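The values are calculated or read from the model by the stated rules, or taken from the named source; none is laboratory data. Source: prediction; values computed, not measured. Every residue, glycine as well, gets a Cβ built from its backbone with ideal geometry; the counts of neighbours run over all protein chains shown. We work out accessible area using only protein heavy atoms, side chains counted, and drop any ligands, DNA or RNA first. Shrake-Rupley method; radii C 1.70, N 1.55, O 1.52, S 1.80 Å.
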Amino acid sequence: MSGFGKWNLGIGVVLMAAAVLCSVLDMIPAAVITGILGLLGLSIAGYDLIDGWSERAELRRREARVRREREGH
C-alpha cells in the first residue's frame, strides 16, 4: 500500500469512529456526513491496496514468462 493509501486508511478509520460517536450522541446529520467521508477514504485505501496487489502479480507473471523464454532458448 502506498503512502497515499495509508493516509486514506487512517483518515477513513478516524472519520468512521467520529461517525459512530456522532450517532451515539444523536447528531445524525454529522454522523451521516462523516460516515460518507469515512467510507470514501476507506474505499480509496482499498482501491490502492488492490491496485498494488495487481501490479505485483503482473510483475511476477512477466518475470515467470521471461524465465521460461530464457530456459527454452
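The table for this structure:
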quantity	calculated
Scope the stretch 35-45; condition open to solvent by less than 90 Å² (accessible area, probe 1.4 Å) and either in contact (Cβ under 8 Å) with a residue 40 or more places away in the chain or under 27 Å from R56 (Cα atoms) (or both); matching residues	G41, L42, S43, I44, A45
Candidates M1, M16, filtered to the one that is surrounded by 11 or more Cβ atoms within 10 Å (Cβ to Cβ), in a loop (DSSP other than H, G, I, E, B) and either within 13 Å of the chain's Cα centre (by Cα) or not hydroxyl-bearing (S, T, Y) (or both)	M1
The stretch 19-34: number of residues that are in contact with a Cys (Cβ under 8 Å, 6 or more places away or on another chain) and crowded, with 17+ Cβ neighbours inside 10 Å	2
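Here's the yes/no breakdown for (1) touching a helix residue (DSSP H, G or I) at 6+ places or on another chain (Cβ under 7 Å); (2) on the phi > 0 side of the Ramachandran plot:
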{"position": "G3", "(1), (2)": "no, no"}
{"position": "K6", "(1), (2)": "no, no"}
{"position": "G12", "(1), (2)": "yes, no"}
{"position": "A17", "(1), (2)": "no, no"}
{"position": "V20", "(1), (2)": "no, no"}
{"position": "D26", "(1), (2)": "no, yes"}
{"position": "A30", "(1), (2)": "yes, no"}
{"position": "L37", "(1), (2)": "yes, no"}
